[in-house]
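Have a look at the structure below, then the notes.
The values are calculated or read from the model by the stated rules, or taken from the named source; none is laboratory data. Worth saying up front: this structure is predicted, and the values here are computed from it rather than measured. As a convention, Cβ positions derive from the backbone with ideal geometry for all residues, glycine included, and neighbour counts pool all protein chains shown. Protein only, heavy atoms only, side chains kept; ligands, DNA and RNA dropped before computing areas. Shrake-Rupley method; radii C 1.70, N 1.55, O 1.52, S 1.80 Å.
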Amino acid sequence: MSGQVPALDVKTVDPTLVAGHRSSLWRDTLRGILRQRSAQAGVVILGFLLLIAVFANVVAPFGSEQDLRYPPISEQVNRLAPPCIHLLGCDTSLPQHAFGVDGNFFDVFSRVVYGARISLFVGFVTVGFAIVIGTLIGAVAGYAGGWVDNLFMRLMDVVLSFPSLILAIAIVTVIGSGLIQAQLAIGIVAIPIYARLMRASVLSIKERDFVVASRALGESDRGILFRRILPNALTPLIVQGTLGIGGAVLEVAALSFLGLGAQPPTAEWGSMIGLNRNFIFNAPHLIIFPGIALSLTVLGFNLLGDGIRDALDPRLNR
Amino acid sequence: MIVALGLVVAACGGGGPSASASGTGAVPTDVASEEPFESSGTFEPMAWPEEPMDCSFEGDDTHAAYNGEFAQIRAVDESTVEFELCYADVSFLQKIAFSSFNIHDTASLENDMENHRILARPNGTGPFMITEWSRGDHITMVRNPNYWGEAPAFESLEFRWSVDSAQRFVELQAGTVDGIDNPGPDDFAAIEGDSNLTLYEREGLNTFYVGFNNNPKIEGFDNSTNPFANEDVRRAVAMGIDRQQIVDNFYPEGSEVASHFVPCAIEFACTGDEWYEFDPEAARQLLADAGFPDGFSTTIHLRDVVRGYLPNPTQVATELQTQLRENLNIEAAIDVQESGTFIDNSDGGLLDGIHLLGWGADYPDNTNFLDYHFGGGASDQFGDKFDDIVEALRVGATSPEDADREAAYVEANNAIREHVPMVPIAHGGSATVFQADVENAHASPLSNEQFAVMVPGDRDQLVWMQNAEPIGLYCADESDGESLRACEQMNESLYAYEVGGTAAEPALATECTTNDEGTLWTCSLREGVTFHNGAPFDANDVVLSYAVQWDVEHPLHIGRDGSFTYFSALFGGFLNSPAE
């Protein structure tokens, strides 16, 4: 994956020379991103999902684990009832459930809505963890070079040599099942991607004139790495990170589907699909709606990531 | 480090005790193609132990008191075996018919036990011989050309598995398998409407229960914090679960709420008082009186494997979680474990909180249900045993008079109701489904379908799809139904259950007779029987097959994890058990 992200030479400028223009640079970048059709679509989808996630308790008519048979609902509801929306002609004598009712008398719409909160949180935290650790490893390896570089990068090569989901399953086997454990496993598996990306950027930037100048002026290695090089190496990480969030959401959902991530009855989309997989023929709505939500989220991040890449890649910019 | 550890664990097949000794991938299992057996030509009758066990042995510094049923097992001659018992056992024939007591070839036991090869390459006398076990995918068996009985009408039998009833159903509809176990409860109507398929309903000779451990054997576990050490708490949970709701919503037709632990179709099963009625008010009061007015937190452990007694495991767990919260203010987290790990943890008494498990009849007798779970030789599944239950079950299992047995089971059932080691929830109806052209297809009430009698149309192969992969094929040390069914196609016991029924009938023995006291059984063995590798079957094979299970100090008492739970549970205990 990291190899697909081009080096962004044009945007890497000496911050000491253009400090006054930094805000306009970011504004230009944002404008460039929003000019991309795919990014626009991604922003709309993710904005919608983000709003739903933030206001889940307002949007969802019931709790995510609210059994409709018990107070304060106490509804006479049919198990596995199909979607019923009165406005669309559903019999008004039946209780209204936009996405139907599942096998445990939970309102599927409410669970899908609350699932957005979990999935987005999972995506950001997982990729954030991978970026932080990966950046540190890549930056230190790239800047220090020599045996430090060799040690870190060979370790990353080992991790990369395994299929990511298989490796994540192995990690979860060791540290136990659960949503946090699944995030940690997916995060660990993703570290090498960001480490390699950061190392490549650091290797390129550390030979630049402004870095040489800083070194000549007596700035410490730590200062050069964190104040001069890192700010100029972040752009590819942003692109990769945006694309990575969608993948992380999908992989955590896969672990939950297998029973290794979120434990039932947590309203996590992968877990919901897994829990109801045997109803695919007689109550398909239990699979379809969380499936659509999952696809939409991944699509949103992929579109946004593609848009950001297109906007920032100088070779695709003209 | 985590990554490295993960890789090591993954390479070891999950690290749990269920990990296969033979690793992953296709396992070379073709015993028939091995070097031909060469007979030594002499027969020296074996006896185990050399002198009959002192049945009143009360233990010493190194050994625990002996409570077992056997005093000695001895070969009289090549085709006669005697079982000398410490006490009469009215269910003896039904017990020895069970697949945990399959007879294995002496040489195979000696050569394949220590290296665990026997777990994947049983050398039995049954109508099929194993040729391949592709881990995670399928087991292939071929017809035994030297089978002593009627040979199967088709060439090969393949076992496949899927935890998903939907997938099993789709494979059946697509014609890629000939028969499946446990169709989803919501698919019954669709199956009955499909003329290409035939549904065979299976009698609910099973029990699903919610178990508690009153003293888990978890290292460092402080039992003073265990709410389920308190009998009133267990009773409160028993009264706070609406079992009718569970059966109505998650079980197919033909299922019923359990009034007793053992299904009522079994003799003396439903004696004594019926189980507690659902009464959440009284349950909450009982819980408050026990010192938990605000409830407490616990864990529901389960495996996500469909069984006749539990067709929707995770959904039932979720329902139970809801009921505990709503009715008793008990917050329960759900912990889904891998099947083999879960069984091992359960047998080892390593599950705190609540666990969901069940039992399908291996033979239709109270001893199969009650002794296995609550008898003197039972595992640590429910923690410390209850002496009054153990004693009542001992009397029930050893009394030759029906009236005495009935009285004992009244006492046992009432004691179980009083101590509440578990809550019996349901006796689940289930079924098998076969392609309509499969002749002699059936659903066994004991879940031990015999494929050798079936005829899959004009096909040379019959493909069977069950709920899960067998854990091991040395079934002396397995208790999982999926393993037992596979074992039964390749191995045989002295007796066997009739096809599609429950009566015990001669198999490797032509008959077993007892003395007037019921303490000495003499079995005449079928002659001309050979194992899959050509070795002749004789009385020493019987003695050794039992001895390795019975005697803890036998060098071959190894198995998969060495628990041999069926032997201990059904025959009262092991020989030479170490002192506590």
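Per residue, how much space in cubic angstrom lies within the convex hull of the C-alpha atoms of region B:78-126? Mind showing how you got there, number by number?
Working: hull volume 5.9 nm³, N = 49.
Taking only Cα atoms, region B:78-126 has a hull volume of 121 Å³ per residue.
Calculated from DSSP H runs of 4 or more alone, at -39500 (n - 2.57) each and per residue, what is the 222 nm mean residue ellipticity of chain A, nearest 500?
Working: 12 runs with 202 residues, N = 318.
Estimated from H runs of four or more residues: -21500 deg cm²/dmol.
Based on the mean of other Cβ atoms within 10 Å per residue, sort peptides B:388-397, B:459-468 so the most packed one is first.
Details: B:388-397: 21.9, B:459-468: 20.2.
Listed from highest to lowest mean packing, they are B:388-397, B:459-468.
So what's the Cα pair-distance distribution over region B:44-186, bin width 5 Å, in %?
2, 7, 10, 13, 15, 15, 12, 9, 8, 6, 3, 1, 0
Taking beta carbons within 10 Å but only from partner chains, what does the mean come to for residues B:309-319?
Details: counts 0, 0, 1, 5, 0, 10, 10, 2, 4, 10, 5.
Mean inter-chain Cβ contacts per residue within 10 Å come to 4.
Express the relative contact order of region B:354-465 as a whole percentage, based on alpha carbon pairs under 8 Å and six or more residues apart in sequence. Don't jump to the answer; show the numbers that get you there.
Details: 87 pairs, mean separation 21.8, N = 112.
Across region B:354-465, relative contact order equals 19 percent.
Give the interface area between chains A and B as buried accessible surface, both sides summed, probe 1.4 Å, in Å² to the nearest 100.
Chain pair A/B: roughly 2700 Å² of buried accessible area.
Going by a 1.4 Å probe on protein heavy atoms, which residues of region A:29-73 end up with at least 20 Å² less accessible surface in the whole assembly than in their chain alone?
A:65, A:67, A:69, A:70
Order B:557-568, A:65-76, A:45-56, B:353-364 from most to least packed using the mean count of other Cβ atoms within 10 Å.
In decreasing order of mean packing, B:557-568, A:65-76, A:45-56, B:353-364 become B:353-364, B:557-568, A:45-56, A:65-76.
Per residue, how much accessible area does chain B show when a 1.4 Å probe rolls over the protein heavy atoms, in square angstrom?
Averaged over the residues of chain B, the accessible area is 36 Å².
Kindly identify region B:206-427 as rounded, prolate or oblate by the Cα gyration tensor criterion: order the square roots of the eigenvalues as a ≥ b ≥ c, call it rounded if a/c is under 1.5, otherwise compare a/b with b/c, prolate if a/b is larger, else oblate.
Note, shape of region B:206-427 comes out rounded.
Compute the whole-percent fraction of alpha carbon pairs in region B:220-303 spaced more than 19 Å apart.
53 percent
Which value, in Å² rounded to 10, gives the accessible area of residue A:84 with a 1.4 Å probe and all protein chains present?
Number for this one is 10 Å².
Please state, rounded to one decimal and in Å, the Kirkwood hydrodynamic radius that chain B gives when every pair of distinct Cα atoms enters the mean of 1/r.
24.5 Å
Restricting to Cα pairs below 8 Å that are 6+ residues apart, what does the relative contact order work out to for chain B? Please round to a whole percent.
Over chain B, the number comes to 28 percent.
Apply the Karplus curve 6.51 cos²θ - 1.76 cosθ + 1.60, θ = phi - 60°, to the phi angles in region A:43-49 and return the couplings in whole Hz, x for Gly and Pro.
Going residue by residue, I get 5, 4, 4, 5, x, 4, 5 Hz, with x marking Gly and Pro.
Once Rh for the protein assembly as shown is found with the Kirkwood sum over Cα pairs, what is the Stokes-Einstein diffusion coefficient at 20 °C and 1.002 mPa s, in µm²/s? The partial results should precede the final answer.
Values: Rh = 30.6 Å.
Result for D is 70 µm²/s.
So what is the calculated 222 nm ellipticity per residue for chain B, using -39500 (n - 2.57) for each DSSP H run with n of 4 or more, over all residues, to the nearest 500 deg cm²/dmol?
One gets -7500 deg cm²/dmol as the mean residue ellipticity at 222 nm.
In what sequence, highest mean first, do A:107-114, A:143-150 appear when ranked by Cβ atoms within 10 angstrom?
Result, highest mean first: A:107-114, A:143-150.
At residue B:110 and residue A:150, where each label point lies 7 Å from the Cα along Cα→Cβ, what is the point-to-point distance in nanometres?
It is 5.6 nm.
Taking each residue in A:98-106, count the Cβ atoms of any other chain within 10 Å of its Cβ, then average. What number comes out?
Averaged over the peptide's residues, the number is 3.
Using C-alpha positions alone, give me the convex hull volume of region A:34-312 per residue in cubic angstrom.
Numbers: hull volume 42.7 nm³, N = 279.
Hull volume over Cα atoms, normalised by residue count, gives 153 Å³.
Around residue B:572, with a cut-off of 12 angstrom between Cβ atoms, what is the net charge of the other residues, counting Lys and Arg +1 and Asp and Glu -1? Can you show the working numbers first?
Numbers: positive: B:95, B:394; negative: B:69, B:89, B:371.
With Lys, Arg at +1 and Asp, Glu at -1, the neighbours total -1.
Under the definition of Cα pairs under 8 Å and six or more residues apart, what whole-number percent is the relative contact order of chain A? Kindly include the intermediate steps, with their values, before the conclusion.
Working: 486 pairs, mean separation 85.5, N = 318.
Across chain A, relative contact order equals 27 percent.
Roughly how many percent of the accessible protein surface of region A:34-312 is carbon and sulfur, given a 1.4 Å probe and a whole-percent answer?
67 percent
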